[in-house]
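J.: Below is the structure I would like to discuss, written out as structure tokens.
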């Protein structure tokens, strides 16, 4: 008795045109991404093509946006990987409508429209707000180190630059002297006016390296002067404030007056480094790996309700202390609101941060002292010690607030809100290194990564765009 099987004929021709969307189940992420992108305002990208009629028509920008969004959602941001997937992956074939843009087209499109793609972050965030996934009752702020598109072995300290510059100058001078002797010998042998083969390869390599080192050295010196100029302005303003208080009270303020540095005499620290591949990146200590990496400090502010990123940013500074106020400002720009409460780790604490008018209406939970995850802080009930004294400093007030049962419980939520977001981005989706170089481009790519994170949250929450629209 013969077995019966379902019909299988790889050479069967399709008699009717297929519906590409039918190749995927209705609840597939690719179809959701397609619907979301259709709701976004991509007019800024489309306007770039106005008046372009030369050559073959380009691929539709909306299709390329969908491919890039889906690629970042699934941890496949490589343009070559996307091109390959349009042939081998059904989801990519559906999004590309069975067309196959090459990797150069995809990379050029992303490079050309990177800022516009980053600008879609706010549009997606508004969809999350309309879906009820953002409450701004409590938000958590943290930073993570993401590797730059550069090797840390391509960085050099200012001290080593000075030493290497002097050594290369001597080597180049010796090579020029040797070349002059060789020219004199060849002139006597072949006669003057004979064409040579240009600079020797060894001399050309040393001169180009010397030029790069001098350029990087000059940039570090300019940064040091700029920093000293700003420090001088701050010192002068503090001196003026001391004089004003002295005139008001008739008493001389205690302590030494601030020293005013001379910008013209400022020099970089010997250990100050600059990378030749991506000069705007910095050597940073990665708290997760405990190793030093050529990286950027990527910031994210996350709403506690559904782990939606409500503000994002990138900085060259290893320390997070000066990132609190810019991130709160960015949150207000994105949502036109401020959260009721905000928690962040000790890296964001400073007296000036707590006393700034921008956060006056926000209940802050930022410990003055760094705490380990396993560290148990003995709580103090309000009934035992009473509320913090109004006369106590901001630091003492914050310590006391975080020792209460309520403060301890609120701050404990921080590591369960913002840290998993970085795990989802870096571990689950594999985004550990930027594709671009330079702070401006890196910031735009990070916004795009955060945008795709929010789309995934929308998708996994079971939100339908029809319900959001209504």
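Each value in this text was obtained by applying a stated rule to the coordinates, not by laboratory testing. Computed from a predicted structure; not experimentally measured. Glycine also receives a Cβ, built like all others from the backbone with ideal geometry; neighbour counts cover every protein chain displayed.
J.: Taking other Cβ within 10 Å of each residue's Cβ, how do 153, 60 sort, fewest first?
T.: With the fewest neighbours first, 153, 60 line up as 153, 60.
J.: Give me 399, 274 ranked fewest to most by other Cβ atoms within 10 Å of their Cβ, as a rough exposure proxy. Don't jump to the answer; show the numbers that get you there.
T.: Values: 399 18, 274 24.
The most exposed by this proxy come first: 399, 274.
J.: So how much slack lies between residue 362 and residue 130, counting 0.36 nm per residue of separation and subtracting their Cα-Cα distance, in nm? Please list the in-between numbers first.
T.: Values: separation 232, 0.36 × 232 = 83.52 nm, distance 2.30 nm.
Extra length from residue 362 to residue 130 when fully extended: 81.2 nm.
J.: Can you work out the FRET efficiency for the pair residue 249 and residue 87, with r the C-beta to C-beta distance and R0 = 60 Å, to the nearest 0.05? Spell out each step's value before the answer.
T.: Details: r = 78 Å, r/R0 = 1.31.
The value I calculate is 0.15.
J.: Quick check: residue separation of residue 38 and residue 333 times 0.36 nm, minus the Cα distance between them. What number comes out in nm?
T.: Numbers: separation 295, 0.36 × 295 = 106.20 nm, distance 2.40 nm.
Gain on extension, residue 38 to residue 333, equals 103.8 nm.
J.: What is the order of 242, 370, 93, fewest Cβ neighbours within 10 Å to most?
T.: Details: 242 16, 370 10, 93 19.
Ascending number of Cβ neighbours within 10 Å: 370, 242, 93.
J.: Another question, then. Can you give the extra length, in nm with one decimal, that the chain gains between residue 415 and residue 111 once fully stretched, where that is 0.36 nm per residue apart less the Cα-Cα distance? List each step's numbers first, then the result.
T.: Values: separation 304, 0.36 × 304 = 109.44 nm, distance 3.45 nm.
Length difference between fully extended and current span is 106.0 nm.
J.: Something else about it: Taking the alpha carbon gyration tensor of segment 6-76, what are the square roots of 5 times its eigenvalues, largest first, to the nearest whole Å?
T.: Values: eigenvalues 184, 76, 24 Å².
They are 30, 19, 11 Å, listed largest first.
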